[in-house]
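Here's the structure, in structure tokens; my notes come after.
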Amino acid sequence: MTIFICGFMGCGKSALGKVLSQKLGLQNIDTDEYIVEKYQMSIPEIFEKFGENTFRKYETEAVKEITGKNAIVSCGGGLMQSDENSRLAKLNGGIIVFLDQTFEICYERIKGDKNRPLVVNNTKEQLHEIYNKRSEIYKRNSTIELIPGDTPEQSAEKLIKLLDSKGLLK
Ligand code: S3P
């Protein structure tokens, strides 16, 4: 079973991925960490040296390599903007969860972060626009939507119940 968690930067994908993988006894993969390790470069370095398009290609490669693994996968915020990545993730029964956090909460967590090129290069208003555009695409490209709880622990519990009620927990 592969469960991909998508959503905007700061929505809590990585924290939820960690708790969920412990609860379900599955490996936890973070696509940003996966790419940083594979290419031995930080994300800002990849953006600077090769540009965003190259980073997006690395993300697609990562999805191809990961899909079908027994794992919880926390995706970089832009990964499920690609219909192709969503299609690849759903191969072999992969499930995509959209973690639907409010913009204000996401923004409070990401503001001033130098390790996120989109945050460095956009104002709060621009990020809000990106958030609004992306929300529609996350919805289209995911299997289920999850409104987060107050803590990653609560979100994981909610998600497990939701997956179970839909017969998606194997
Ligand atoms: C990005 C989100 C980041 C990272 C990169 C681009 C995006 O991941 O993949 O900086 O386009 O939203 P997080 O969502 O983990 O911050």
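The values are calculated or read from the model by the stated rules, or taken from the named source; none is laboratory data. From a predicted model like this one, the values you see are computed outputs, not experimental measurements. Positions of Cβ are generated from backbone atoms using ideal geometry, with glycine treated the same way; all protein chains shown enter the neighbour counts. Heavy atoms of the whole protein, side chains included, go into the accessibility calculation; ligands, DNA and RNA do not. Shrake-Rupley method; radii C 1.70, N 1.55, O 1.52, S 1.80 Å.
If you roll a 1.4 Å probe over the chain with all protein chains in place, what percent of the accessible area is carbon or sulfur?
Values: 4160 of 8560 Å².
Carbon and sulfur atoms account for 49 percent of the accessible area of the chain.
Calculate how steeply helix 52-66 sits against the longest principal axis of the alpha-carbon atoms of the chain, using the helix alpha-carbon long axis, and give the answer as 0 to 90 degrees to the nearest 10.
Around 20 degrees separate the two axes.
For segment 38-117, what is the largest minus smallest coordinate of the Cα atoms on each principal axis, given in angstrom and ordered from greatest to least?
The Cα atoms of segment 38-117 stretch 38, 32, 21 Å along the principal axes, largest first.
Would you mind checking the tilt of helix 124-141 against the longest principal axis of the Cα atoms of the chain, expressed as 0 to 90 degrees and rounded to 10?
40 degrees
Could you list the residues of segment 1-23 with an amide nitrogen less than 14 Å from a label point located 7 Å from the Cα of Arg109 in the Cα-to-C-beta direction?
What the label zone holds, given the 14 Å backbone N cut-off, is 5-20.
Let me see the P(r) profile for the chain: every Cα-Cα distance counted, bins of 5 Å, each bin given as a percent of all pairs.
1, 9, 18, 22, 22, 16, 8, 3, 0, 0
Measure out, as a whole number of angstrom, how far apart the alpha-carbon centroids of segment 1-53 and segment 123-170 sit.
Spelled out, the Cα-based centre of one part sits 15 Å from the other.
Can you tell me the FRET efficiency between Glu129 and Lys69 if r is taken as the Cβ-Cβ distance and R0 is 30 Å, rounded to the nearest 0.05?
The calculated FRET efficiency here is 0.30.
Quick one: helix 152-165 against the long Cα principal axis of the chain, what's the angle to the nearest 10°, folded into 0 to 90?
50 degrees
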